[in-house]
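Coordinate-derived values only; no laboratory data. Remember, it's a predicted structure, so these values are computed and weren't measured experimentally. Note that we place each Cβ from the backbone using ideal geometry, even for glycine, and neighbour counts take in every protein chain shown.
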Amino acid sequence: MFIRNDIFSAAQPIPITSLTLRKERYLHEIGHAIGLVHEHQHPNRDQYIEILYQNVQPSMRIWFNKYSAQEVDQLKVDYEYSSVMHYGITAFSSDGKSQTIKALHPDKESSIGRVYRKELSFTDVKIVNLMYQCAKQCDSSIVCNNGGYVDQNCKCICPDGSDSCSKAKQDDKDGECFNAHESWQCAVWANQGKFQRNPRFMLESCKKACRQRET
Ligand SMILES: [Zn+2]
C-alpha cells in the first residue's frame with residue numbers, strides 16, 4: 001500500500017469484471033484507482049518479504065517487481081503485511097499452490113494470507129488520509145503519538161483504533177476489557193455494526209472495541 005508520484009490523473013475505470021468478487025478485491029482495486037500501489041512492490045519490501053520468483057508464472061513476474069524510492073513515496077508509513085494492497089502468499093503461482101511470497105518474519109505470514117477476510121488495515125487508511133491531506137484544516141499543534149494520524153475531524157486515530165495514542169493505553173490488557181483479536185480489526189468491525197449483528201463473537205474477541213463504541 002503505497003502511492004505513486006504520477007497519480008491524480010483523470011477518472012479511470014476500475015477493472016471489476018465478476019459479480020462474485022469479494023469485498024477485499026473491491027477494496028484493492030479502489031486502492032489502485034486512488035493512487036496506491038502494491039504493498040509487496042514497495043521500495044523497502046526486501047526487509048519484510050522474499051519473492052520466490054521461480055514459483056511465479058513468468059508473465060506475471062512483472063507484478064512482483066520492486067518500485068524505486070523515486071517512483072513511490074510511502075509518506076513514512078510502515079510496511080504492513082495485512083494491507084489490502086498486499087498479494088497473498090501463493091498469488092500467481094505457476095502450479096496454483098506453491099508459495100510466491102514468503103515473510104521474513106514467519107509469524108507475520110498469516111496476516112498476509114487472510115485474503116478473504118481482509119478489511120482495510122490501519123496503514124491503508126492512514127496513507128490515504130496523508131495522501132489527500134484530509135487534516136489540512138486542522139491545527140498543526142495536534143500530535144498523535146505512536147504511529148497515529150490526524151483524521152478529517154482533527155481527531156487522532158491510533159493503530160489500535162482508539163483516539164488516544166498513548167503507548168500505555170494500547171498495551172492495556174488489565175482486567176476484563178481487552179481485545180483478544182487484533183485491535184484495529186476490532187475497531188473496524190465495531191464501526192461496521194458487527195457488535196449488533198454478532199454480539200457473541202464480538203464480546204469474545206473485541207470486548208474493548210465494543211466498550212469504546214458504547215462510550
Ligand atoms: Zn493490484
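LYS97 - would you say it is among the basic types (Lys, Arg) and free of Cβ contacts under 8 Å to residues at least 12 places away in the same chain?
Values: among the basic types (Lys, Arg): yes; free of Cβ contacts under 8 Å to residues at least 12 places away in the same chain: yes.
Considered against the rule, which asks whether it is among the basic types (Lys, Arg) and free of Cβ contacts under 8 Å to residues at least 12 places away in the same chain, LYS97 comes out as yes.
If you scan region 30-84, which residues turn out to be touching a residue at least 60 places away in the same chain (Cβ under 8 Å), surrounded by fewer than 20 Cβ atoms within 10 Å (Cβ to Cβ) and of a type in the set (Asp, Glu)?
GLU71, ASP73, ASP78
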